[in-house]
Amino acid sequence: QEGLAESEEERLVETRRYEGDKWGGKYLRAPDIFFTILEKGKGKLVCLNELAEVLTVSWSRQGQNANLIYRKSLGKPKDRVTDVLKSPKDVTKVILKREDTLFFLKLERWVERQIMYAPILWVDLRGDKHVCHLCLEEIAFTHNFHGIRPYESESIETLCALLNSTITHFATEVLGRRGLGGGAVRVLVEDLRRKFPILNPAVTNITRCNRLLSAFHRLAQRPVRNIFEELGFTLCHKRRCNHPEHPYEYVKPEELTLEQVDQTSPDRFELDSVVFDVLGLTDEERLEVYRAVAQLVKDRLVKARSV
């Protein structure tokens, strides 16, 4: 039932198209709090594709990046170029301008036809960090990002704030594809376009929306840390027996408290609180969300190290 197509036209016919669903994430990996969110979020959560268009580029998949992309530190080439975001590792903050990019892109005619711009950028492969970027200027990007272009331009900041919430990180961990190099996780562009859940900005009143944006603006003033540091865990980087100790191995999500999150990342805590308030989550349920995210990320990364 959950895998059946949900378009209005197909609901009216007797035979409906089967699209599939994220069974592995939902039923083999998702903790109970995920289903609590889905239950309390009825009428409040919508699919991302109802709010925005999801874009991806193909020019950077042609095997010609070495001839097209130039590092800015080497000087501006004679060719006609534009600023480009090459990799998520090149930027650590939420809000981006062209001056924040490290590379130029050579504007060959075939490349120029395939360039896309979007006000929000979704990072494709993710390790221990969750961030969605807000572009204040038109910036070209490679396939390491997906563009998100809201249908309503006035909702750009609100949507970006919601995409940076821990609830969205939680959904990414549950619904994303694993088994990638280095323990990375990704939400395929097809899944972003179909059934990726997000809080509907329309159910957020003006007061809560102002709180959300205020917290988002504070969060955007600093680099985004990995999820463990965001939640207040101290990571161990010491060496024992001449072997590097895994920095996440001794993180204990079950010992996390809401006070710990609030003291470490008050901007994130406030942003998440608005989302939790709209969903009607209790303090214990909010704590379970944080613990679940930390545990899922830890399990993914430690498992990758073990193999």
Q: May I ask you to list the residues of the stretch 139-183 whose amide nitrogen lies under 20 Å from a point 7 Å from Cα along the Cα→beta-carbon direction of Q221?
A: 157-158, 160-162, 164-165
Q.
Just to confirm, what accessible area per residue do you get for the chain at 1.4 Å probe, in whole Å²?
A. 51 Å²
Q. 222 nm [θ] for the chain, helices only, -39500 (n - 2.57) per DSSP H run of 4+, per residue, to 500?
A. -10000 deg cm²/dmol
Q. Kirkwood Rh over Cα pairs of the chain into Stokes-Einstein at 25 °C, 0.890 mPa s: D in µm²/s?
A. 118 µm²/s
Q: For the stretch 28-169, build the convex hull from the C-alpha positions and give me its volume per residue in Å³.
A: 135 Å³
**Q.** Estimated vicinal HN-Hα couplings, Hz - the stretch 117-133 in sequence order (Karplus 6.51, -1.76, 1.60; Gly, Pro = x)
**A.** 10, 8, x, 10, 10, 9, 6, 6, 7, 10, x, 10, 10, 10, 7, 10, 8
Q) Stokes-Einstein D for the stretch 170-214 at 37 °C, 0.692 mPa s, Kirkwood Rh over Cα pairs, in µm²/s? A) 258 µm²/s
Q.
Give me, ordered by chain and number, the residues 5 or more places off L96 or on other chains with an amide H under 5 Å from its own placed amide H.
A. L134, C135, L136
(Q) Run the numbers for R113 and Q62: contour at 0.36 nm per residue of separation, minus the present Cα-Cα distance, in nm. (A) 17.0 nm
Q: Apply the Karplus parameterisation 6.51 cos²θ - 1.76 cosθ + 1.60, with θ equal to phi minus 60°, to every residue of the stretch 190-207 and state each ³J(HN,Hα) to the nearest whole Hz, in sequence, with x for glycine and proline.
A: 5, 6, 4, 7, 10, 10, 8, x, 8, 5, 6, x, 5, 8, 9, 6, 4, 4
Q: Could you tell me what percent of the accessible area of the chain is made up of carbon and sulfur, with a 1.4 Å probe and every protein chain present?
A: 49 percent
Q | Karplus-derived HN-Hα couplings along the stretch 273-282 (A = 6.51, B = -1.76, C = 1.60, θ = phi - 60°), whole Hz, x at Gly and Pro | A | 4, 4, 5, 4, 4, 5, 7, x, 7, 6
Q | Members of K40/K195; K86/K195; K40/K298 lying beyond 19 Å, as alpha-carbon distances in this model show | A | K86/K195; K40/K298
Q.
Looking only at the chain, where both bridge partners belong to it, what percent of the DSSP beta bridges are antiparallel (to the nearest 5)?
A. 85 percent
Q.
Cβ neighbours within 10 Å, averaged per peptide: list 50-59, 118-127 in order, most packed at the top.
A. 118-127, 50-59
Q | Simple label model, 7 Å out from Cα along Cβ direction - L136 to K76, nm | A | 2.0 nm
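The values are calculated or read from the model by the stated rules, or taken from the named source; none is laboratory data. On a predicted model such as this, the values are computed, not experimentally measured, just so you know. Cβ: placed from backbone, ideal geometry, glycine included. Neighbour counts: every protein chain shown. Heavy atoms of the whole protein, side chains included, go into the accessibility calculation; ligands, DNA and RNA do not. Shrake-Rupley method; radii C 1.70, N 1.55, O 1.52, S 1.80 Å.
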